[in-house]
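Only one structure is covered here, and it is reproduced in the block below.
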Amino acid sequence: MKPTTDPVLTAREMRGAEERLMAGGATARTLMEIAGREAADWVWRAAAGRSVTVLCGPGNNGGDGFVIARVLQERGLPVEVIAPLDTGAQAAGEARAAYAGPIVESADNAVLVDCLFGTGLSRPLGGDLTGLLRDLAQRHAYRIAVDLPSGVESDAGRMLDEDLPDYHLTIALGAWKRSHWLMPAAARMGERRLVDLGIGEVAGAARLSTTPQVSPPPASAHKYSRGLLAVVGGAMPGAAMLAARAAMRAGAGYVKLLADYKSPMTPDELVVDDSALEESLSDERIDAVAIGPGLGRDAAARGRLLTALARADRLVLDADALMLLRPGDIEDGQEVLLTPHGGELDALCQAFGVEASDRIERALAVHRLAGCAILAKGPDNVLIDQDGQITLFPPAPSWLSTAGTGDVLSGIAASRMATGKNAGDAAEEAVWLHTLAARMTPAPFCSGDLIRYIPIAYEHFL
Ligand SMILES: NC(=O)C1=CN([C@@H]2O[C@H](COP(=O)(O)OP(=O)(O)OC[C@H]3O[C@@H](n4cnc5c(N)ncnc54)[C@H](O)[C@@H]3O)[C@@H](O)[C@H]2O)[C@@H](O)CC1
Ligand SMILES: [K+]
């Protein structure tokens, strides 16, 4: 497993981490003081001398808010606090008592700091509090959420209420929470900053992906040593062609399209092999196989999938292959990466009898039952690698929401696998290459445009 030095915690894991800090001598109050002071630094910078409203809730998130208000006031910033609920938690009560400034019913300042609820939010806010938040959001041009925007459930990226405000900055306390990187919640948070409380590594936790490093081919490289990828085509060769064209630019030395397909648009460098699939896949030099884009969903397509699974040990399954995959198809010892989008993850869950509703739990269950790595792709990518390590990613550009970009992603991942990377590392590198290529491609783009920017993204990670 990778070290989780950039852990992404559930609310429960966060409480465990807090308990470990407290067993080491910290108290809820000292942690609140550190968290509040560090968060106040970010608010101070963002406020740049402008007046601030701090909205404080009943728990420790509210306590953080009272520390922030006190620190900003000590620095001479005009501050008002709104505290619509009684303060319950002991440490928060002490922080409230230490704040000597004004507590008001409503306010019109430049900056709103939302400390209403953090990881302890257990149910929807309800009408009065959502009304208050919406009203305050309208009155404040710049909005900061402390730990989480109020109304965001900490673990699954869910919004517990509708029409809650967007924020310009979200300051995570102690560690990232899963919802910082999961949609729809992540889309509302603006810039994200992390305050360190000394939590360190957390065993078994999810991690936030860090920028990968790819290498140029060694001096002795030749086309086969760099990796031979076979992309299996099917009923609709366009999608497999996109995956193959992406793969040609993502590191593999040799890409073959196994399809009965001839077109004047086929790139000169792409070898198209229309022999029987058993025969094409018997080439011992093949390092990885990609199958699914444009495969079709009929019996012939299922036959091609079973042939690929019977002949290859290292595969990326995408698109139609995910609709056709059944329990028992992947054997022990095979290294397989599944790259489902939302609908394909639903189909996999149905095929494997998974009933969980949380997207990470669904992907984890498919990983366990199918015995492979899985990249649940979308605006918020979730990777479960072959060892069960969960990795989350910074959000992908929304311009990727166009036909064929998924085929491009699976082509990149398969190319990385052909170079010798394991399924998890290949998927992680593919997400970064895909995301950066999307940032660089002039938008609005189509997936063919995106492919041209993969080498430019690649150079960035060399
Ligand atoms: N875990 C840690 O190590 C640290 C946590 N800190 C702060 O503590 C927060 C978590 O504190 P809490 O567990 O007190 O949680 P919150 O401050 O998020 O709020 C929990 C309180 O709100 C009530 N509540 C929950 N949902 C409600 C609803 N819909 N309407 C009305 N009341 C509701 C609960 O009964 C409880 O009293 C974190 O988000 C962070 O801001 C920091 O103080 C520093 C250290
Ligand atoms: K908050």
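The values are calculated or read from the model by the stated rules, or taken from the named source; none is laboratory data. All values derive from a computational prediction rather than experimental measurement. Methodologically, a virtual Cβ is constructed for each residue, glycine included, from the backbone with ideal geometry; neighbour enumeration extends over all protein chains shown.
Miscellaneous remarks
- Scanning the range 91-111 for residues that are within 15 Å of ligand 2 (Cβ to nearest atom), closer than 30 Å to LEU364 by Cβ and in contact (Cβ under 8 Å) with a residue 40 or more places away in the chain turns up nothing.
- Against the conditions (1) in contact (Cβ under 8 Å) with a residue 40 or more places away in the chain; (2) at positive phi; (3) exposed (fewer than 14 other Cβ atoms within 10 Å of the Cβ), ASP128 satisfies every one except (2).
- For PRO327, the conditions (1) surrounded by fewer than 19 Cβ atoms within 10 Å (Cβ to Cβ); (2) closer than 28 Å to SER447 by Cα are fulfilled apart from (2).
- Residue among LEU116, LEU112, LEU136, LEU129 that alone is touching a Ser or Thr at 6+ places or on another chain (Cβ under 9 Å) and under 17 Å from SER179 (Cβ atoms): LEU116
- Some residue of the range 223-238 being in a helix (DSSP H, G or I) and within 32 Å of the chain's Cα centre (by Cα): yes
- Unique residue being in the same structural domain as LEU77 (by TED's automatic domain parsing), within 13 Å of ligand 1 (Cβ to nearest atom) and assigned to a loop (DSSP other than H, G, I, E, B) when the list is LEU132, LEU148: LEU148
- Scope the range 269-282; condition assigned to a loop (DSSP other than H, G, I, E, B), surrounded by fewer than 19 Cβ atoms within 10 Å (Cβ to Cβ) and under 36 Å from the mean Cα position of the chain (by Cα); matching residues: GLU269, LEU270
- Spans of helices (runs of 4 or more DSSP H) in the range 399-462 with at least 2 residues farther than 22 Å from ARG314 by Cα and not basic (Lys, Arg): 423-440, 447-452, 454-461
- VAL54 satisfies every condition listed in (1) buried (at least 18 other Cβ atoms within 10 Å of the Cβ); (2) modelled with pLDDT under 95 except (2).
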